[in-house]
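Working notes, structure below.
The values are calculated or read from the model by the stated rules, or taken from the named source; none is laboratory data. Keep in mind the model is a prediction, meaning the values are calculated, not measured. Note that we place each Cβ from the backbone using ideal geometry, even for glycine, and neighbour counts take in every protein chain shown.
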Amino acid sequence: MHRFELCRPARAEAIADRAGCVQEGIHVANDKQFKLNTMFIGTRGVREYRETIAEWVSPADVVLEIGCEWGTTTTLLAARCKEVVGTDISPECIARARERFPEIRFETLDAFDVRAALDFGIPFTKIYIDMSGLSGYRSLLDVIALLTMYATVLQPKAIVVKSGALKQFASHCVAWRPTDARRHGT
Ligand SMILES: C[S@@+](CC[C@H](N)C(=O)[O-])C[C@H]1O[C@@H](n2cnc3c(N)ncnc32)[C@H](O)[C@@H]1O
């Protein structure tokens, strides 16, 4: 639960300044929260989700898979990276995955418990997310919240997520650059 405190404007400004919220006397949204270096890759369906492995995973990578079920994609990841941990909220799935692929590490994890993911103490460079309930259009905000949380806390280079909603949304997004404005003389 967040705790909000009332304080005098000068103190509020000092706090905001430390958090990067004040620029030349102008209050702006906290810039630092947008300085994530993680790339987000939205895929539709399991075929696309697995196809990305060839493009996004390399031998030096340490990968976390969230929603591994019985470990099928985890084995594909294992074949291409240095280390992989497959995780799922279901202990039954994890037991089955361990039985099928004893050479791979599998752990129970609720994706929304990012603290538990941090407690693995592993510097993950890539994260794969395939959770039931994240594909529909109503789940877009949950997907974005989850991606932002993992990007902020674990700071991987990329997060690949199976979410048709995110893929659709991303394909209609363009990041406006200041140079675009200059080119048009505005
Ligand atoms: C479609 S299956 C994953 C298939 C797997 N990635 C593969 O490629 O074979 C979705 C999985 O998400 C898991 N899941 C659902 N909610 C979860 C949560 N909050 N945290 C972690 N896993 C979750 C389910 O238990 C299920 O095993």
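Taking the residues in the range 132-152 that are outside any helix (DSSP H, G or I) and in contact (Cβ under 8 Å) with a residue 12 or more places away in the chain as candidates, determine which candidate is surrounded by the fewest Cβ atoms within 10 Å (Cβ to Cβ). Residue satisfying both the conditions and the ranking: Ser132.
Per-residue answers, yes or no, for (1) surrounded by 17 or more Cβ atoms within 10 Å (Cβ to Cβ); (2) free of Cβ contacts under 8 Å to residues at least 24 places away in the same chain; (3) out of contact with any strand residue (DSSP E or B) (no Cβ under 8 Å at 6 or more places or on another chain):
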residue	(1), (2), (3)
Val85	yes, no, no
Asp88	yes, yes, no
Thr125	yes, no, no
Asp130	yes, no, no
Thr179	no, yes, yes
Arg183	no, yes, yes
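Residues checked against (1) modelled with pLDDT of 95 or more; (2) over 18 Å from the mean Cα position of the chain (by Cα):
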| position | (1), (2) |
| --- | --- |
| Ala12 | no, yes |
| Met39 | yes, no |
| Ala60 | yes, yes |
| Thr73 | yes, no |
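Kindly indicate whether any position in the range 105-122 is crowded, with 19+ Cβ neighbours inside 10 Å, more than 9 Å from the ligand (Cβ to nearest atom) and either part of a loop (DSSP other than H, G, I, E, B) or charged (D, E, K, R) (or both). Looking through the range 105-122, none of the residues is crowded, with 19+ Cβ neighbours inside 10 Å, more than 9 Å from the ligand (Cβ to nearest atom) and either part of a loop (DSSP other than H, G, I, E, B) or charged (D, E, K, R) (or both).
Just so you know, in the range 33-72 the residues that are hydroxyl-bearing (Ser, Thr, Tyr) and closer than 21 Å to Ala170 by Cβ include one that is farthest from the ligand (Cβ to nearest atom), and it is Thr38.
Of everything in the range 154-179, what is assigned to a strand (DSSP E or B) and more than 16 Å from the ligand (Cβ to nearest atom)? Give them in sequence order. Within the range 154-179, Ala158 is the sole residue that qualifies.
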